[in-house]
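The numbers here are math on the coordinates, done by the rules we state, and not lab data. The structure presented is a predicted model; accordingly, all values stated were derived computationally and were not measured. Note that we place each Cβ from the backbone using ideal geometry, even for glycine, and neighbour counts take in every protein chain shown.
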Amino acid sequence: MLFQLNRKKRLANLEIKDHVIRFTEMKNSMPPKPEKYGEIVVPEGVLKNGEIQDQLTFQLLMEEAVQEWGIKRKAMQFLVPDPLIVVRKLQVPAYLPYEEIKGYLYIELGNTIHLPFEDPILDFTVLRSTEEFHEILLYAAPENVMNEYKNIFESCSLHPLTADISSLSLFRLYQLMDNVNEEENVMILKLDQFGANIGIYQNGLPLFIQNEILSHYEESDHLQTNQFNLIEPLDELIESIGRVIHFYKYNMMGGTTDLHKIILSGDHSLIELARKKLESQYTYEVVEMDYGFDKGNEDEKIPMKYYACIGLGLKEV
């Protein structure tokens with residue numbers, strides 16, 4: 001999986017966000033350990049909700065990053081910006097072999113499958129199969145935007161192979177590092193400075209993934225937002241999470257099951273406050289991802305904001 005673009009060597013892993021480009025390169029070790037990592041700030045207006053607004057500046061930033069990180073001519077994979085991803089739970093006919101499901105999905109575009117953009121790139125996860133249907137989780141991203149990224153990466157002497165989703169990458173890392181009980185129902189909450197990604201996982205599979213844009217992003221300079229005007233959007237997000245939990249418990253599961261744990265990650269400056277608010281609002285255990293990845297010979301630890309990129313590095317191409 002997901003969104004195959006080309007094929008593999010030792011990879012550079014990139015996360016593209018409206019305000020930053022992050023990078024990791026993983027050692028071949030267990031537990032996993034980043035050998036290199038870094039980030040470059042993206043000026044306001046270059047990217048908006050994951051779409052490239054200023055191609056020239058973005059390309060110049062990528063050229064600077066490639067030089068600084070020493071990844072010229074590297075094979076790479078990247079995390080699709082969260083606002084670009086649409087995720088839907090669907091049922092497809094049981095007579096379809098797994099290898100024919102993707103073709104069926106493309107045929108059904110505009111008929112039984114409606115997306116907010118034309119010409120998507122599609123992938124899917126099979127959740128369960130019955131005699132009547134396969135239940136799948138469909139992932140879609142706009143092909144034109146994906147190709148824009150691919151073309152710029154290639155023009156910067158990179159070789160893009162695949163693209164993935166941040167929630168899946170974080171869950172991959174969580175599974176590896178926490179010795180997860182497959183029967184555990186968890187929410188992966190990736191809380192970033194200007195958005196949040198909410199994923200619910202059951203029996204080791206994604207059931208629900210949704211992106212939320214925090215309200216202050218639409219009205220503030222994304223590099224100048226102060227701590228005070230981050231609190232109200234955080235409270236709004238906590239309420240939205242409550243609606244997601246209610247939808248999962250009652251609409252998806254018919255009131256028969258519940259979450260066990262909320263796993264928190266991301267780059268939001270008030271992530272500790274978010275944890276306390278979640279604990280006071282809900283009865284679930286709330287755990288911040290903290291795996292103690294060190295910086296080699298230094299005592300400092302690699303910040304949690306790199307964890308999605310580290311999880312991407314665990315992906316098999």
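Here are some notes:
- Simple Cβ-charge dipole of the chain, Lys/Arg +1 and Asp/Glu -1, about Cα centre, in debye nearest 20: 960 debye
- Helical runs (DSSP H, four residues minimum) scored at -39500 (n - 2.57) apiece and divided by the length of the chain put the mean residue ellipticity at 222 nm at -9000 deg cm²/dmol.
- Amide H within-cut-off set for residue 74, under 5 Å, with H built and near neighbours excluded: 159
- Net length available on complete extension from residue 285 to residue 64 is 75.4 nm, with 0.36 nm assigned per residue and the Cα-Cα distance removed.
- Fluctuation leader among 194, 247, 23 - the chain, Gaussian network, Cα springs under 10 angstrom: 247
- Share, in percent, of DSSP beta bridges within the chain that are antiparallel, nearest 5: 70 percent
- Average silhouette area of segment 95-174, convex hull of alpha-carbon atoms, in square nanometres: 7.1 nm²
- Bridgeable aspartates and glutamates around residue 27 (alpha carbons under 15 Å apart, same-chain partners fewer than 8 residues away excluded): 35, 294, 316.
- Placing +1 on each Lys and Arg Cβ and -1 on each Asp and Glu Cβ, with no other charges, gives segment 229-314 a dipole about its Cα centre of roughly 340 debye.
- Unit charges on C-beta of K, R, D, E only; dipole of segment 13-146, Debye: 520 debye
- In plain terms, the residue of 134, 114 with the fewest other Cβ atoms within 10 Å comes first and the most crowded comes last, giving 114, 134.
- Distance between the pseudo-spin-label points of residue 117 and residue 49 (7 Å out from Cα toward the beta carbon): 1.0 nm.
- Relative contact order for the chain, counting Cα pairs under 8 Å that sit 6 or more residues apart, in percent: 20 percent
- When the chain is treated as a Gaussian network with alpha carbon springs shorter than 10 Å, the biggest mean-square fluctuation among 197, 28, 111 belongs to 111.
- Taking every alpha-carbon pair within the chain, the share separated by more than 27 Å comes to 44 percent.
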